[in-house]
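Here the structure is laid out as structure tokens; the discussion comes afterwards.
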Amino acid sequence: MQKCVWSLSTLGVVIGLAIATLTISPANAQITQNLRFDVFIDATTIYFSGPPGPNPGTTFIVTGYIYPGGTLAGNPQVAPPNPIGEWTCRGTFTRNASEVRPEVFTIQEFYLPDDTTAIATEGIEHGLVGMDHRDMRATIGGTGIYQNVKGQNTEYRIGVNGTGLFNLSFTFTHSLQR
């Protein structure tokens, strides 16, 4: 009887290992990558759909320039030459200026160098917080080599540039499914 129980237990472990092995087979393998980009937001390109500022429902669109991570670490006041792509951010304010933490829901697109190789993100950004604030955002997809991208990214404010908007740093942590 003990041999039968032992054999059944061993068989259960073997079947469990076989199922686990099938679950992590190469067909389902994921490659984790980290990318880092800096963005110089150009305030001269911002457009509001209604009264400017954080009023619930007000929408906006703004563009900027993408650089390799670390390029804007010194918080330049003018956009450096030779960006590696363009950045577009469109959003809707979800709170107003009288609230402690105005927020905006945004979709950001990183065109590297154009829409054939791009990454898209979305999430809430918090306003009126310190420069060391980080917003965590979802990486929702992409095109070209980023067509299967999934993950998240952290947006960090480097400082205010000469146009009146931010220089930002983005760190993407994502997986590419095979």
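Quick notes on this one:
- Annotation: amide H of THR45 within the under-5 Å range of THR63, sequence separation 5 or more or interchain, hydrogens built in the peptide plane.
- Residue-wise HN-Hα couplings along segment 157-165, as the Karplus relation 6.51 cos²θ - 1.76 cosθ + 1.60 with θ = phi - 60° gives them from phi, are 7, 7, x, 9, 8, x, 8, x, 10 Hz; Gly and Pro carry x.
- Whole-Hz couplings from phi, Karplus 6.51/-1.76/1.60, listed for segment 77-87; x for Gly and Pro: 8, 10, 5, x, x, 6, x, 9, x, 10, 10
- Amide H to amide H distances under 5 Å link ARG95 with GLU103, where only residues 5 or more positions off or on other chains count and H is placed in the peptide plane.
- When nucleic acids and ligands are ignored and a 1.4 Å probe is applied, VAL104 ends up with an accessible area of around 20 Å².
The values are calculated or read from the model by the stated rules, or taken from the named source; none is laboratory data. Owing to the predicted nature of the structure, the values given are computational and were not obtained by experimental measurement. Heads up: the accessible areas ignore ligands, DNA and RNA and are worked out on the full protein's heavy atoms, side chains in. Shrake-Rupley method; radii C 1.70, N 1.55, O 1.52, S 1.80 Å.
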